Each structure stands twice: as C-alpha cells, then as structure tokens.
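*Asks:* I have a structure here, written as structure tokens, and I will follow up with some questions on it.
The values are calculated or read from the model by the stated rules, or taken from the named source; none is laboratory data. Computed from a prediction, not measured in an experiment: that's the story for all the values here. Don't worry about glycine lacking a Cβ; one is built from the backbone with ideal geometry, like all the others, and counts go over all protein chains shown.
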Amino acid sequence: MNKAITDGLVFMPPAFANGLDVWSSGDGVPGDPTYQGSPNAALVPADQDFAGCLELVKTTSTVKLRHTGDTPILPGCYLRVRARVKAMSGNLPAVRIAGWAGGAGNAHVAGVVETAPSVQLTAYGKVETIEAIVGTGSRGGVDMAWGTAALFGHFGIDLTGPNGGVVRIDDIEIEDVTSVFLRDLIDWVDVRDYGAKGDGVTNDAVAFEAADAAAFATGRRVLVSRGTYFLNADVTFEAPARFEGTVTMPVNRRLALTRSFDLDTYAAAFGDEELGFKKAFQALLNFADHESLDLGGRRIEVTAPIDMQAAVDNKTTFATRRVIRNGQFNVIDGPAWAPTVVTSQASYSAANEKVLSGVVNIANVPVGSLVTGVGVGREVYVTAVNVGAGTLTLSAPLYGAAGTQVYTFTRFKYVFDFSGFASLAKFVIDDVELQCNGVASCILLAPSGSIFHVRDCYITRPKNRGITSIGDGCQGMMIDRSTFQSDESSTRSQDRISIALNANANDVKLRDNRAVHFRHFAVLGGSGNLIVGNHWFQGDNEVNGLRVAGLVIAGTDVKTTVTGNYIDNNTVEWTNEYESDPAFANQYSFGGLTITGNTFTANDVAPWFKFIAVKPYGPGHFLQGVNISGNVFKALNGAIDRVETVDTTFATLDNARMRNVTVEANSFTAVTQPIANPVYAEVNQATAATVWTLSPGAYLPFGGWARNVESLVAEGMITGPANERRSDMPYVEVQQGAAKQQVTVNWAQASKGRIQIKVRMDNPD
C-alpha cells in the first residue's frame, strides 16, 4: 500500500505511563474492565531494560491486555504489533500477540484468527520480543488475516500457561509495515488485500470485485497474485488487470476484463490459451464494452473442436457486430477430430422437400452432418433434428431421392463450430489463420443468420471443409481477401474431397480470394451472388488430366455475377441439383448469370475439357438471360475442342426456348472452336445458285440452333451467272438441317457473291 494512504492515521497506542484506564483486561470493547486500580497490575516507572513498563501478575488461565482504542484496519494496509516482555518471578507463562476484530456497527467479526503463535518464556530477566502482523489479506507472513469485513481492532497480548508468575511488559508498538509487502510497481491493488484466498476452493468473487472497485476509484490496476482463485459468480473488472495467479470458474460464470480485453490476459487468467479464448469469447458476446477480441498475434493450440455456443452458454441467438481478429489457431491431432459417420434408413417426398422422415437411429445423427445417398446433391446438410417426430430438416431439397433408402450422415469436426447457435448475425473473423493441418475442418456456420464476414484470413489445409453452411446462416456472407490452401495438392484433381466453402442462402460476396487445389472452390445454392477478383486453381501434374468444377452454381434463376476472376484448371458448373422436381414446369429456367472479364486457363488437360458447363437435372430447361463476354480462354500444352458444354447426364436443354443469350468479345487461345452469339459469318458463293447454305452451328454456344438472323449485308455486287447485277432481296430460313443449325439464304434467281450475316441461337427479349 502506498504510504500516502495511511498518512495522518495514528496506529501507536499510548504508553502505559499515560494511564491504565485505556488498557482493558477483556477484549477492549466498551464496558470491559480496565487495569486502572487493578490489584494485579502496577506501573513500574523505572526498569533497567524497559524504562517505564507495566507489571502484571498472572491470576487466571488467560490474562488479556487490550488497548481500548480503535486501531484502523484498511484494505492493503498491514500492521505489525510488537511487545517486549520478561518474566520476573513465579511460574513462567507463554506470551502471544492478540486482538479483537471489529466491523461495521462495532460488531465482532467472527471466524477470523485473533491470536498469533505463543512464545514460551524460559528464564527470569530475559527479554523476549513478541510480534505479529495483521491485515485484510491472506499473504505470506501475515499471522492474522481478517478480510475486508474488519474495520478496526483492539490489540495487545495474552498471557497463557500456569498461574502465579509476574511479568513486565514494555509499551506496545503498532506500526504500518505495508512496505514489506509492496512490489516493484506500487500502482497495483492485490486481490489478496481484499480477502481473496487463492486456495482454489473459497469463492473469491467478492474479493475480486472489491479489489477492482478500489483500483478503478484510484486509477490503479488489479493484481491477481500467485494462487488459484475460484470464482463462482460473474466478475467484471473495470480496471486493468494483471494475472500472476489463475482463476477457475463454472462454465456459466463470466469474467469480463473490460480494460484488458485481449487473449494474452485471458490466457494468463485461466492458465491455458484454449480455455482463455473460450472465456474471452464468452465475455465478448455478453458485454457491450468491446466489439472485438484481439488475439494479439498469438498462436492458440487447439486440441478439440471449439463449440462456440457452449463457450458462451447463455445465448442461442446473437445479432450485434462482434469480431475475432489478429491471431492463429493451430490444430493438434487427436481422436476429437475424427468425423462422426452414421448410416440410417429414411424416407423422402418432394411434397416436403427439405425433410427426411422415418429416420431410423435418428438420435445418433448430429446436426451439421453432410448427407449422401442416391439422388442427393452436393453439400446437403442436416440443419435440424427432431427426435420425437423422427425427422431431419435439410439445407436443400433432394433432386432424385423419392422413396426410402439408406443415407450416410457424416459430421465433420470444425475448429470454430457455431452450429449450436440458432441464429448468428454480423460476426467477423479478421486477419486470423486457422491451421487445420489436414486434421480438422475449419468453420461451421449457425443454421440461421446474416452477414458472416471472413476477411484477410488464411484457412490452411482443412481436412474436409473450409467454411460450411448447414442452413441460412450464410445469408449475405462476405469472404474477402482470404486464402484457402487445401491439404490435397499432391492428389489428382478428380480424387480430391475437400471443398473450400458452400452457401445456401442469397447475396454471398466472394472477393479477392485465393483457393488452391480443392475439389470445389465454392458450391453456391442461393442467388444474388457476387464472385469478383478471385483466383482459384485446381490442376495437377497429370498429362491429359481430368478437371472438375471449381465454382458450382446450384440454381436456375441465379442473379449472379462472376467477373474479374482467374479461373485456373477447373469448370464453372451450373446446375439445378437443389430442386426436388428438377424438370422444368412453371419456374424460371437457367438465367440471370453474368460471366464477364475473367481469365480462364488450363494446362495438360484432355481435349474434351470445358471451362463452362450447364447441367440440367431434369428436362425442359433452357437459357434465359445469360451473358458470357469479355473473357480470356486459354489452353496450355495442348488445345481443347471448345470452352462450353451442356452436360446431358440427366437431360438436355430445350434449344427452341433459348432467349437473351449474349456471348461476345471473348478471346480464345488454343481453343479449336471459338463460340459467339450472335455469330458474324461470311458466305462466299462462287457459283450462282438460288439457295445459299450457311452452317454456323459449331460457333453457336451450348449446342444451340440457328434460330434467328439479325442482319444480312451484301459485300460487293451480287451477280447472276453472266455477272449481271441482282437487285432482289433474299429471304432466310432458319433451323435448317438435321441438327437445326443451318441457315439458308434464298434468291429469286440464281445468284453469286459475298454476304455478311449475323445469326443467333436465341430469341432476344
């Protein structure tokens, strides 16, 4: 304690020579007898050792001597009570420092130690010094720790042992010895000074709050000195804190370090980085003092999945902006990361398209499990489990699973598992690396929520998944300037299993990210997406190697823009695998997709590789409102046939219904057949004929028919067999030939010459 705090306080009791009426033979409280006029007490004005002193005759089993004045007891102040005594005659007693602890209203404070160890007198005339230290805190060297309930004391000595002895006592001294306990820095308030025990058993929460109040009021800091402190209540520190000791708390109790809110302090407080992070996260969601948790650049060793909702315990929904930033999580291998795999029979009906019913063994199916089986699309997850009803809610419908079958449910284990929240919104992970080390998956979103934001992060070597959405918790999700590095770089493209991310809801923004060697970069099931400025590549070292989809767009009218990306050794695949009845009926068909300004490249691929593929899972679909413009398509180490295709595994597109398809201003290198819509073609007819046939089909994208002619212009004079000028207007016929990909130009008379013609495979809106 700073000496300035005790300046002006009087601790020293008066000398015996000033009168014995302030010295009690009891506890020193009002009404107790004093030694004034007592027959067994006398003042000795001169003694060779003590000068003036008090002589007592021991007549009872315990003879008490107490000053009746109130000696103040202050938190953080430590007093030394000292007496010099000697035996004069008779039986030799034992002597000890003693006191009476007083609290509010002059009440006795029970349950505290009020006597110090005894000293046995061993010879007549031998001076013994008896002393003890008293204070509020239970610290080393403190003989009588009274806690913060004690406000004052009556101090003196006790004579114990056999009766009949005569003892002389020099004037009793009481002095402030707080300096003995001061540390190098004097601006700390130690929790022990406010009654904290640090024994790991006593609830020290009240002492922590009291120490914090004192520190905050005086502009100082709280020191949690060495020990283990059990806190069985929520504790908030308004003052900065420093931990030499550690704390333990039940899961549902919170420690809020409002002026030291960082991982360093929480790790020190709980003696473990992983637990410290959980408790800091708990505080982050329970207090408004901070919007972000700064990890301070520290690396946290993670031994098991972090159940983020269980760490908070008292919340299942949260929608206030919160940020975790600036650190690294490193996964340590162990059995806790092994995926849970359950096989179970269940039934599916398109009438209830997001539900599996009659699920056998349903209690063993975890929320967040990946669903696989016949007729199940990619990245379909269990969003909710209703054990009583025997039903599972799915993240997306199944395209071809009507009836009953056995499904496999695989629950990956994630470093950050938010699935325990019913809803989580406005959550940000900023400048964090999650090193999954081929052992763990990375981030599992809550089933519901919006604006989950990952920025400037590294998701390194996830075993199965980088970021997984099991419901609508990805609504408006933003992934910016982050790097996804798979654990499968040495694996062939077609054999990889890991996926960087998926989303089911709308308005996802993927911007300026880099993803390396995943099976898929992103599987997007919603609409309104922006995929801008990313680089994802999925090649391998095989000659004529197979390539799979990098970006999967699983919807029809998707309202999605893919622009300015570097799409390397993979396909943009567009499907409707999330429809329970994927045949076209009265829904919108494939439309609303803009692919512009991208760089597509591939090397060492087979000639039949395609950069863009449309894959209808049911018949009757067509393209309606698609723009593929201004892209660069380039193949290395061998040419490819063309850049686009319709995957007819399940169905073809209806070419008779194509409309508003724009494919123009693209660049093709080592692509055997460029494409465009409309196609600008030149017809050179050297021999006069009434019917000129044009075959632009190879140029028309996605196998489209030659449905319309936008324009026809003669280049130079059209002439007859004798070079006579022809002035009649020809007419065209579209959808000619067996494949309906030819156009005929029909003249009134046999003609020859050159024309420029523009042919479309669609009906423009």
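*Asks:* Run E488 past the list (1) out of contact with any strand residue (DSSP E or B) (no Cβ under 9 Å at 6 or more places or on another chain); (2) closer than 19 Å to V380 by Cα; (3) not polar (S, T, N, Q) and report the number of the one that doesn't hold.
*Replies:* Unmet for E488, out of (1) out of contact with any strand residue (DSSP E or B) (no Cβ under 9 Å at 6 or more places or on another chain); (2) closer than 19 Å to V380 by Cα; (3) not polar (S, T, N, Q): (2).
*Asks:* Might you let me know whether the stretch 73-85 holds any residue that is over 60 Å from the mean Cα position of the chain (by Cα), under 19 Å from W100 (Cα atoms) and modelled with pLDDT of 95 or more? Spell out the reasoning first.
*Replies:* As a first pass, look at the stretch 73-85 and keep what is over 60 Å from the mean Cα position of the chain (by Cα): 83-85.
Checking which are under 19 Å from W100 (Cα atoms) leaves us with 83.
Next cut, modelled with pLDDT of 95 or more only: 83.
Scanning the stretch 73-85 turns up at least one residue that is over 60 Å from the mean Cα position of the chain (by Cα), under 19 Å from W100 (Cα atoms) and modelled with pLDDT of 95 or more.
*Asks:* Which members of the stretch 341-372 meet the condition of being among the small types (G, A, S) and in a loop (DSSP other than H, G, I, E, B)? Steps first, answer last, please.
*Replies:* Looking only at the stretch 341-372, we keep the residues that are among the small types (G, A, S), and these are 344, 346-347, 349-351, 357-358, 363, 368-369.
Within the stretch 341-372, S349, G358, G368, S369 meet the criteria.
*Asks:* Same structure, new question: Taking the stated definitions as given, is D456 under 19 Å from I300 (Cα atoms), surrounded by fewer than 19 Cβ atoms within 10 Å (Cβ to Cβ) and of a type in the set (D, E, K, R)?
*Replies:* On the way: under 19 Å from I300 (Cα atoms): yes; surrounded by fewer than 19 Cβ atoms within 10 Å (Cβ to Cβ): yes; of a type in the set (D, E, K, R): yes.
Yes, satisfied.
*Asks:* If you scan the stretch 120-145, which residues turn out to be of a type in the set (V, I, T) and crowded, with 17+ Cβ neighbours inside 10 Å? So that I can check it myself, show each step before the final result.
*Replies:* In the first step, residues of the stretch 120-145 are kept if they are of a type in the set (V, I, T); the result is 122, 127, 129-130, 133-134, 136, 142.
The answer is I130, I133, V134, T136, V142.
Residues checked against (1) within 19 Å of L524 (Cα to Cα); (2) buried (at least 21 other Cβ atoms within 10 Å of the Cβ); (3) in contact with a Pro (Cβ under 8 Å, 6 or more places away or on another chain); (4) of a type outside the set (V, I, T):
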site	(1), (2), (3), (4)
G564	yes, no, no, yes
I567	yes, yes, no, no
E573	yes, yes, no, yes
S580	yes, no, yes, yes
P619	no, no, no, yes
G638	no, no, yes, yes
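*Asks:* Which of the residues spanning the stretch 264-278 are of a type in the set (A, V, I, L, M) and surrounded by fewer than 22 Cβ atoms within 10 Å (Cβ to Cβ)? Quick ask: steps written out before the conclusion?
*Replies:* Narrowing the stretch 264-278 to residues of a type in the set (A, V, I, L, M): 267-269, 275.
Scanning the stretch 264-278 gives A268, L275.
*Asks:* May I pose another question? Against the condition in contact with a Phe, Trp or Tyr (Cβ under 8 Å, 6 or more places away or on another chain) and either of a type in the set (S, T, N, Q) or in contact (Cβ under 8 Å) with a residue 12 or more places away in the chain (or both), how does M88 come out, does it pass?
*Replies:* Yes; evaluated as a whole, the condition is true for this residue.
*Asks:* Restricted to the stretch 704-763, and to residues that are in a loop (DSSP other than H, G, I, E, B) and among the basic types (K, R), which residue is surrounded by the fewest Cβ atoms within 10 Å (Cβ to Cβ)? Show your work before the answer.
*Replies:* Taking the stretch 704-763 and keeping what is in a loop (DSSP other than H, G, I, E, B), we get 704-707, 715-718, 720-724, 726-730, 737-741, 761-762.
This time we only want the ones that are among the basic types (K, R), so: 707, 726, 740.
On the way: R707: 21, R726: 19, K740: 16.
Looking at the filtered set, the residue picked out is K740.
Every residue, every condition in (1) under 19 Å from F418 (Cα atoms); (2) touching a residue at least 12 places away in the same chain (Cβ under 8 Å); (3) loosely packed, with under 15 Cβ neighbours inside 10 Å, yes or no:
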| residue | (1), (2), (3) |
| --- | --- |
| G297 | no, yes, yes |
| M308 | yes, yes, no |
| T317 | yes, yes, yes |
| R322 | yes, yes, no |
| R325 | yes, yes, no |
| G334 | no, yes, yes |
| Q345 | no, yes, yes |
| E353 | no, yes, no |
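*Asks:* When you scan the stretch 635-655, do you find a residue that is part of a helix (DSSP H, G or I) and out of contact with any helix residue (DSSP H, G or I) (no Cβ under 6 Å at 6 or more places or on another chain), even just one? Talk me through it step by step, then tell me what you get.
*Replies:* Taking the stretch 635-655 first, the residues part of a helix (DSSP H, G or I) are 655.
Those still in the list that are out of contact with any helix residue (DSSP H, G or I) (no Cβ under 6 Å at 6 or more places or on another chain) too: 655.
Yes: the stretch 635-655 contains one or more residues that are part of a helix (DSSP H, G or I) and out of contact with any helix residue (DSSP H, G or I) (no Cβ under 6 Å at 6 or more places or on another chain).
*Asks:* If we scan the stretch 696-703, do we find a residue that is farther than 30 Å from D647 by Cβ and either under 60 Å from the mean Cα position of the chain (by Cα) or not acidic (D, E) (or both)? Spell out the reasoning first.
*Replies:* Keep residues of the stretch 696-703 that are farther than 30 Å from D647 by Cβ, which gives none.
No - not one qualifying residue is present in the stretch 696-703.
*Asks:* Any idea which of F287, F281 is crowded, with 16+ Cβ neighbours inside 10 Å and among the aromatic types (F, W, Y)? Walk me through how you get there before you give the answer.
*Replies:* Values: F287 fails: crowded, with 16+ Cβ neighbours inside 10 Å.
Result of the check over F287, F281: F281.
*Asks:* Sort out which residues of the stretch 546-557 are surrounded by 24 or more Cβ atoms within 10 Å (Cβ to Cβ) and hydrophobic (A, V, I, L, M, F, W, C), and write them in order of number.
*Replies:* Within the stretch 546-557, L551, V552, I553, A554 meet the criteria.
*Asks:* Go over the candidates S179, S138 one by one and state the one that is polar (S, T, N, Q) and assigned to a helix (DSSP H, G or I). So that I can check it myself, show each step before the final result.
*Replies:* Details: S138 fails: assigned to a helix (DSSP H, G or I).
Criteria check complete, one pass: S179.
*Asks:* Do we have D234 as at pLDDT below 95 and either out of contact with any Asp or Glu (no Cβ under 8 Å at 6 or more places or on another chain) or over 23 Å from L79 (Cβ atoms) (or both) here? Can you show your working first?
*Replies:* Working: at pLDDT below 95: no; either out of contact with any Asp or Glu (no Cβ under 8 Å at 6 or more places or on another chain) or over 23 Å from L79 (Cβ atoms) (or both): yes.
No.
*Asks:* Right, something else. I need every pair where a residue in the stretch 22-41 that is over 18 Å from V167 (Cβ atoms) has its Cβ under 6 Å from the Cβ of a residue that is surrounded by 15 or more Cβ atoms within 10 Å (Cβ to Cβ) and among the β-branched types (V, I, T), sequence separation at least 6 or different chains.
*Replies:* As it stands, the answer is V22/T68; G28/T68, since those pairs meet every condition given.
*Asks:* Another question, then. Give me a count of the residues in the stretch 366-392 that are surrounded by fewer than 18 Cβ atoms within 10 Å (Cβ to Cβ) and more than 25 Å from A440 (Cα to Cα).
*Replies:* 7
*Asks:* If you don't mind, another one. I need the strands (runs of 3 or more DSSP E) fully contained in the stretch 228-340, keeping only those with at least 2 residues that are out of contact with any His (no Cβ under 9 Å at 6 or more places or on another chain) and not hydroxyl-bearing (S, T, Y).
*Replies:* Values: elements: 228-230, 235-237, 241-243, 246-248, 255-257, 292-294, 299-302, 322-331.
Qualifying strands (runs of 3 or more DSSP E): 235-237, 241-243, 255-257, 292-294, 299-302, 322-331.
*Asks:* Okay, moving on. Looking only at residues that are in a strand (DSSP E or B) and out of contact with any Lys or Arg (no Cβ under 9 Å at 6 or more places or on another chain) in the stretch 471-513, which one is surrounded by the fewest Cβ atoms within 10 Å (Cβ to Cβ)? Outline the logic, then answer.
*Replies:* So in the stretch 471-513, the residues in a strand (DSSP E or B) come out as 472-475, 478-480, 483-485, 499-503, 509-511.
Restricting the remaining residues to those that are out of contact with any Lys or Arg (no Cβ under 9 Å at 6 or more places or on another chain) gives 472-475, 503, 509-510.
On the way: D472: 20, G473: 29, C474: 31, Q475: 22, A503: 29, K509: 15, L510: 27.
Within the stretch 471-513, the match that is surrounded by the fewest Cβ atoms within 10 Å (Cβ to Cβ) is K509.
*Asks:* OK, next. Quick one: is F518 assigned to a loop (DSSP other than H, G, I, E, B), crowded, with 24+ Cβ neighbours inside 10 Å and without any contact (Cβ under 8 Å) to a residue 60 or more places away in the chain? Spell out the reasoning first.
*Replies:* On the way: assigned to a loop (DSSP other than H, G, I, E, B): yes; crowded, with 24+ Cβ neighbours inside 10 Å: yes; without any contact (Cβ under 8 Å) to a residue 60 or more places away in the chain: yes.
It is true that F518 is assigned to a loop (DSSP other than H, G, I, E, B), crowded, with 24+ Cβ neighbours inside 10 Å and without any contact (Cβ under 8 Å) to a residue 60 or more places away in the chain.
*Asks:* (1) part of a loop (DSSP other than H, G, I, E, B); (2) closer than 19 Å to L79 by Cα: which one isn't true of K126, the others all being true?
*Replies:* (2)
*Asks:* Going through the stretch 645-658 one residue at a time, which ones are crowded, with 19+ Cβ neighbours inside 10 Å and touching a Pro at 6+ places or on another chain (Cβ under 7 Å)?
*Replies:* A651, L653
*Asks:* Answer with yes or no whether A396 is closer than 18 Å to G473 by Cβ and in a loop (DSSP other than H, G, I, E, B).
*Replies:* Details: closer than 18 Å to G473 by Cβ: yes; in a loop (DSSP other than H, G, I, E, B): yes.
Here the answer is yes, as A396 does meet what is asked.
*Asks:* Among the residues of the stretch 191-222, write down those that are surrounded by fewer than 23 Cβ atoms within 10 Å (Cβ to Cβ) and either among the basic types (K, R) or part of a strand (DSSP E or B) (or both).
*Replies:* Here is the first cut: in the stretch 191-222, the ones surrounded by fewer than 23 Cβ atoms within 10 Å (Cβ to Cβ) are 197, 199-203, 205-206, 209-210, 213-214, 216-221.
Within the stretch 191-222, K197, D199, G200, V201, T202, N203, R220, R221 qualify.
*Asks:* Shifting gears a bit: Hey, does the stretch 562-584 have a residue that's out of contact with any strand residue (DSSP E or B) (no Cβ under 8 Å at 6 or more places or on another chain), closer than 25 Å to R760 by Cα and not in a strand (DSSP E or B)? Break it down stepwise before answering.
*Replies:* Going through the stretch 562-584, the residues out of contact with any strand residue (DSSP E or B) (no Cβ under 8 Å at 6 or more places or on another chain) turn out to be 579-584.
The next check asks that each one be closer than 25 Å to R760 by Cα; those that pass are 584.
Narrowing further to those that are not in a strand (DSSP E or B): 584.
Yes, the stretch 562-584 has at least one match.
*Asks:* Can you tell me which residue within the stretch 711-728, out of those that are touching a Gly at 6+ places or on another chain (Cβ under 7 Å) and of a type outside the set (A, V, I, L, M), is farthest from A688 (Cα to Cα)?
*Replies:* Let us first name the residues in the stretch 711-728 that are touching a Gly at 6+ places or on another chain (Cβ under 7 Å), namely 714, 716-719, 726.
Okay, now just the ones that are also of a type outside the set (A, V, I, L, M), so 716, 719, 726.
Values: G716: 15, T719: 8, R726: 11 Å.
Ranking the qualifying residues of the stretch 711-728, first place goes to G716.
*Asks:* Name the one entry in V167, V247 that is under 25 Å from A310 (Cα atoms) and touching a residue at least 12 places away in the same chain (Cβ under 8 Å). Reasoning before the result, please.
*Replies:* Details: V167 fails: under 25 Å from A310 (Cα atoms).
Every option except V247 fails the conditions.
*Asks:* Name every residue in the stretch 436-485 that is touching a Pro at 6+ places or on another chain (Cβ under 9 Å) and of a type in the set (F, W, Y), in order of residue number.
*Replies:* F484
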